[in-house]
Structures are given as structure tokens and as C-alpha cells.
1. As an exercise, use a Förster radius of 30 Å and the Cβ-Cβ distance of THR135 and VAL71 to find the FRET efficiency, rounded to the nearest 0.05.
2. Got a sec? Charge dipole of the chain, +1 on Cβ for Lys and Arg, -1 for Asp and Glu; which of THR31, GLN522, PRO565 is way out at the positive end?
3. With unit charges on the beta carbon (Lys/Arg positive, Asp/Glu negative), name the residue among TYR271, ALA503, ALA541 whose Cα is farthest towards the positive pole of the charge dipole of the chain.
4. Which option, (i) 41, 26, 23; (ii) 40, 35, 24; (iii) 68, 22, 22, is the value of semi-axes √(5λ) of the Cα gyration tensor in Å that was calculated from these coordinates?
5. Can you give the translational diffusion coefficient of segment 447-585 in µm²/s, computed by Stokes-Einstein from the Kirkwood radius over Cα pairs at 25 °C and 0.890 mPa s?
6. Using +1 on the beta carbon of Lys and Arg, -1 on that of Asp and Glu, and nothing else charged, what's the dipole of the chain about the Cα centre, debye to 20?
7. Below 8 Å, C-alpha to C-alpha, sequence gap of six or more: please give me the relative contact order for the chain in percent.
8. Over segment 199-273, what lengths in whole Å, largest first, do the semi-axes of the equivalent ellipsoid take, defined as the square roots of 5 times the eigenvalues of the alpha-carbon gyration tensor?
Amino acid sequence: ALIVNPISLSLVAARSSGVAPRAVFFDASGTTDATVTSRPFHDLEYRWDFGDPAGSPVSGTTWGAGSGAGVNDRNFATGPVASHVFETPGIYTVTVTAFDGTNTAATDTTITVQNPNVVFVGDNTTCFSTSGTFTGCPAGATQVTTSSFATAVSTYQASGKRLLFRRGETFVAASAARINTTGPGIVGAFGTGAAPVVQMTGNATVLVISSSTTPTLKDWRVMDLEVDGSSGDNTIAVSADGGFNQMLVLRLNVHDAFRGVSAGPSILDWYNNNGNPGHAIYEDWAVVDSTITPMPNGCVTCGWSIAVAGLRTSIQGNISGSALTGGPERIRGACLTKSVIANNSVAGGADNEVWLFGVDWTTAGVCNPGGVGTYAEQIIMADNKMTGGSSAWMVRVTPENGGDDARLRDMIVERNWFISGAGTQLAVNSDAAESTFRNNIFDTTADIYHGCLAVNQWGSAPAPYGHRIYHNTFYSGAAGDFKAVSIGATATNVIVVNNLAWAPLATSPVMIFGTGASGLVQSNNSTDAQVENTDPGWASATPATPADFKPVAGSYALDAGLAVPVFSDFFLQDRATYGLGAAQP
């Protein structure tokens, strides 16, 4: 008899061609597997091969940030949605494979990446130098001697133009530069040596994208610049001031600025309601491989490092924060849909490291057209390293305001490494629906209450439901309280299976605190007695790296789990058997 594969695999690329560097978002969320699961977004393992093993010619083949820094391959990703930056011209075959524990399906698509030296040939490129030195400027390009970044960009930006600033030189930004044309376009660097410095001497945005009267612009790249905000209390490196799609921010080094990258929905709503209609929520923004450092001296009023709203957003490989604490969220996502936050190292926030939220269910705007109710949804948060600062919660998935009925659903949070700070009270709080937390490592040794993961209602949104909490590792090496998983009184249908916890110095630690309103399923987790008294047999009794949390021979966690739809571990090793926790031997 003919055996039919139950997996019907979907693959949609947001763009199939364009000039390098090209960020492309891929979507397999339309995949179905009706005979195996009603939750294919969560219960299938999706693996992506972008056909780009050479990786970035600047940043290399592996990610330099995140929980797998120096190891995780740029050419590979997991999850039903994914994003990749193609930096080298060529034709790439991108393949996605889906696995449901028994069946495997694969499909592919082709991405064509054009050569920027061809697209921007001759006077389509302009090189800028403060000294009049143009060594390394592409042949045939226009050469302009100036020290003004604002003059250079605002005067020479146009569709099909590349604007390059000489490395090793400092350009002044006394006022904002503005891009008011559709691309393709690049603002970048030429020559050798250190990235060109753009120094804000006023108190404004360094580079403004779009305006009230240009709601449909798209397709620019801003890359390989150092932006010095000079500690101005209104300085922003890159900010959208109107509708704009297909924006790539690549390898910026932003410091001493009020905000790094900002593309919020409120300005779009204001324009639409005040005589300048046509602005829709942003699509296809990517912030990649950038370093955004807060103002010094623990600035508590500073803005966000990365604040982006919209569809198909990618925030990957960034370093945000430092040993200094202060400022609100490092990453702030409003009404994100089909978005990826992966391989980032985030630290030191005063409010949260990451805050994801929807918008009020009945309030009309670009995030909620018609006011008919719109979810923030289908978000992947994977392979990040989160280090707490003075923030009470490290990761917050709740409405922005307590009175909002703002809803978020279908999140996958996996392979993240959470390390609490001295002011941390809780690593993750989720008020979402139908979300999966798997293969994460929580170390709450440094915080106040040693709380790891809470499913808890906040604000006026419906109570959280449908959380799957599988194969996480929870740890505290300090005295005091310890709660691995907390379930609020109104939460429903929470499943907690195959989780491992240890808090040897804590007072009466618990694996699961609270039972929710109904539907709790708990099985094959550490018992409270084991959390307090039983060494789980990790590679190190004082774990400080993810590898230290691997169980060794004799661990009670080995082969003690239940079969669940989690087919690999924290290190992306295939799960041959089901032990407890995020890591296998």
C-alpha cells in the first residue's frame, strides 16, 4: 500500500532576490501534520539550511553572541520561521526539513543575491572622506570631501545609491541625516581599518528613515559604522519616522546614545490620524551583529537598545548591554508577528532584558487594523544569553500597560541561557497563550527570590493558557527561596514534563509552585526532595557554563523522561532517549 507522508510542508520566502547584503525571512508556519499533531508550529522540529556555509565574510561562520557563541552555525536555524543575511553574491538553495518524531519532509527555495559592485556601479556609489583620501573607494565612484554625515546622506541619498564613508575617519552629525527615497540603497564604509565614526554633536537622531509624507519606502541597509551618541539625552542611532519596510541594520557599534535602533508604531498611528495617511506597520526589519552599549554611569532614564514593531522582524547576533546597569529594556518588541530573536547576548537592563507585548484588543491602529483584535504571535526566541541587571524580570511577555487587553500567542522559547542579576526577582514571566518553553537553562543564583519561569496573568488580557514546559534545567546555588515553575491562579492547561532542577542551599525549594485554575499536567520532573537534596550528577557541581549542566553517568536524570515532541537538546544533539533537563550527556 502507498504510504503517504502526513507532513505537508510549507515554505514562503519574503523575498527571492535583491542586492547583497540581503536579509531574507522564511516562513514554514503553514505546515500541517494532521495525523500526528494539531500544533505543528510547536510540535514539529524544523531545521533550516540556508545554503550559505561560508557565512559572513566579516563576522565568520558562527554567531559571536548568544548561548552558543562561537559554536552556533550561521548557516543553520531551527523553528517554523527563520531569517538569514546573505552577504555574498550568488544563487542559494535554502532547504527546510520538518520532523515529527516518525516522519520527515523537506522542501527548498532559491534566493538570488546580486553583487553590490554591479548594482551600484560607477556614480551610483559616492565615497566620503574628511581628509580627501579615497584609497579603497570603488572605481568610477563619485568622491566627496566632507566631515558632515548629515549633509552627505541627505544630499546624496537616492534610489539605487550606495553611500560609503572612509574607515578610520570621524564624521560629525550636528543634525539628523534623512533617507526619504526607496532603495535599493546602502549606507556603509570603504577602505581598511576601523569602522568610520559618526559622532553626534547635537542632540537628535543620527539617521532618520522615512517621514510623514513617505509611508511606503523600503529596501535600505545601514552597516559597518560606529555611532557615538555623545551621551545626548535624545540621541538615537537609527530611527523610523514613517512607514518603512525591508530595513537591514548590520554591524553597527552604537554607544553613549539614548536609543540604538527604534521603529515604534505610535508615530505611524499619529501620522495616519493627523493628515498623513497610508502608514502601515513595519515589515522585514533586521538588526544583526550589532553592538549597542548603554550610556555610562548606569543611566536609568535611557531608552531601549533595540525597539522594533511589526511583521517578519529579525533581531540576531547582537550584543546589547554591559556590566553597567540602567535604562529600560534592551530589546523591546511591540506587536511582533512571525519574528525571530536569536543568538543575542543581552545584559544589564533596569526594567527588563526583553519585553514582548501586543496592543490593546479594541484600540484601532497599525498594529490592530480596524480595532477587531490582533495577536502578537509566532515569535521564536532561541539561543540567547540573558544576563540580568537591576531588572525585576529578565524576560517579560505581558501587556505593556496593566489596563490593556493585549494578547500574544504561539511563542517558542528554546535553548536560551538565563543568568540572573542581583536585582532579578524572576527570570521569565509569560502571560501568553499556546506557547512552548523547552531546552532552556536557568541559573538564578544571583537574584533575590530565585524565581525561574512563571505563567501568570498580568493586566486585562485573558488568563494565560496552553503552555508546554518541557526539558528545562533550573538551578540556584544560593540560599533563600527557589521556585522552578510558578503557575498563577488563573492559568489553565499548563503542561510541565521532563524538567530538572537543583537548589542545594535553598530553603524548602519547589519544582512547581501553584496549580493554576485547571488543566495542569505534571509528569517526570524532579521532585521537591530531589531539587533540595539530590545532586543531579552534572558535569560540574558548581555549573558556570551550559556544558556544566550536562548529566554524567549515574545521574538520576538519565532516561527518566517521558516521550514528548522535543527531538533535540540545548546543544542540538538528537534525543535518542528522554532524560530530564535541557542537556544530554
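1. The value I calculate is 0.20.
2. THR31
3. The residue sitting most towards the positive pole is TYR271.
4. (i)
5. 160 µm²/s
6. My answer is approximately 960 debye.
7. Averaging sequence separation for qualifying contacts and normalising by length gives 7 percent for the chain.
8. Equivalent ellipsoid of segment 199-273: 22, 15, 8 Å, largest first.
The values are calculated or read from the model by the stated rules, or taken from the named source; none is laboratory data. As the structure is a prediction and not an experimental result, all values here were calculated from the model. No Cβ is skipped: glycine too gets one built from the backbone with ideal geometry, and neighbour counts run over all protein chains shown. In case anyone asks, the SASA skips ligands and DNA or RNA and just uses the protein heavy atoms, side chains included. Shrake-Rupley method; radii C 1.70, N 1.55, O 1.52, S 1.80 Å.
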